[in-house]
Amino acid sequence: MPRMNLEGSSSIITGGASGIGEASARQLAAAGARVVIADLNEEGGQTVASELGGLFVKCDVSSVDDAQAAVAAASEMGPLRSLVNSAGLGYAARTIDRNNVPMDLERFTFVIKVNLIGSFNMLSQAAAAMAKTGPVDEDGSRGAIVNMASAAAFDGQIGQCAYSASKGGVVGMTLPIARDLSAAGIRVNTIAPGLIDTPIYGTGEQSDAFKAHLGASVLFPKRLGSGEELAFGVMECITNPYMNGETIRLDGGIRMPPK
């Protein structure tokens, strides 16, 4: 069975304006997919979309209307065959602080809303559109979805309870959703990145020193991963017809210490 052919299809990449999402969008476009960059970052999103001959859709992933708009835009360019759920955010705070004050519940809720509920929202809307397309092979394949979790889903550090819970939820829903969507010929996988060099670390000498310090704790190679390397994993999950229901750590072998 050959790899899934993306030529002439469409793809949605949430968080596609930068980092892992942007790298995934570039590799999907190189494979022949027309890409929709679904992001809140208009300037970055427009730039990436225009470079790749795709479309930018301003998208809050937790909004049903925004998710439907992104799916509609993609479906106009070709049958929707792939979704990469790369949008996400973090919030660092302990369960109780040094003065024994509980974390602001609204902050915890917001991280869950974006990272977990937002991923499900985009996934369910995209899957509905994929299910209406014709199959691409004799197996009845119609599409593939890749979620982004984190190594923090398994070894979250001090202050990462909200982020770890949101990413643990993404891991936990991967298999049941893959089972749900198997009847429609849609595969679902999740990638759990480790320490990845994205714009979140900033730029400059101080940033480079901090990243080098972080990279030293990676098993091998002793550096931060790149968005491109994560996108290699995304493309494998999308194009390998037998990859389904899996969560793959892509982290250079790191196991995060408590802090």
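Derivation of every value follows stated rules applied to the coordinates shown; laboratory data play no part. The structure presented is a predicted model; accordingly, all values stated were derived computationally and were not measured. Virtual Cβ from ideal backbone geometry, glycine too; neighbours counted across all protein chains shown.
The table that follows gives values for the structure above.
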read-out: Exposure proxy order (Cβ contacts within 10 Å, fewest to most) of 11, 226; value: 226, 11
read-out: Gyration tensor verdict on the range 209-249 (Cα atoms; rounded if a/c is under 1.5, prolate if a/b is larger than b/c, oblate otherwise); value: prolate
read-out: Label-point separation, residue 216 to residue 76 (7 Å along Cα→Cβ), nm; value: 5.3
read-out: With 10 Å bins from 0: P(r) over the chain, alpha-carbon pairs, percent; value: 8, 31, 36, 19, 5, 1, 0
read-out: Cα gyration tensor shape of the range 1-68, rounded if a/c is under 1.5, else prolate or oblate by comparing a/b with b/c; value: prolate
read-out: Residue of 107, 81, 249 that the Gaussian network model of the chain assigns the largest fluctuation, springs spanning Cα pairs under 10 Å; value: 107
read-out: Range in the chain, longest, excluding exposed GluC sites (Glu not before Pro) [loop by DSSP; at most 15 other beta-carbon atoms within 10 Å]; value: 8-137
read-out: Cα pair count fraction exceeding 15 Å, expressed as % - the range 122-163; value: 59
read-out: Gyration tensor (alpha-carbon) shape descriptor, the range 89-229, a/c threshold 1.5; value: oblate
read-out: Distance from the range 47-106 to the range 232-254 (C-alpha centre basis), Å; value: 20
read-out: Extension gain (nm, one decimal) between residue 106 and residue 183, 0.36 nm per residue minus Cα-Cα; value: 24.0 nm
read-out: Computed over the chain: relative contact order in percent, which uses C-alpha pairs under 8 Å that are six or more apart; value: 20
read-out: Axial C-alpha extent at least 27 Å, average Kyte-Doolittle at least 1.0 - helices from the chain (DSSP); value: none
read-out: Pairwise FRET efficiency - residue 138 versus residue 40, Cβ, R0 = 30 Å, nearest 0.05; value: 0.15
read-out: Residue 89 paired with residue 3, simple spin-label distance in nm, labels 7 Å along Cα-to-beta-carbon; value: 3.5
read-out: Cross-link table 58/259; 167/211; 58/132; 58/222; 58/113; 132/167, entries beyond 27 Å C-alpha to C-alpha; value: 58/259; 58/222; 132/167
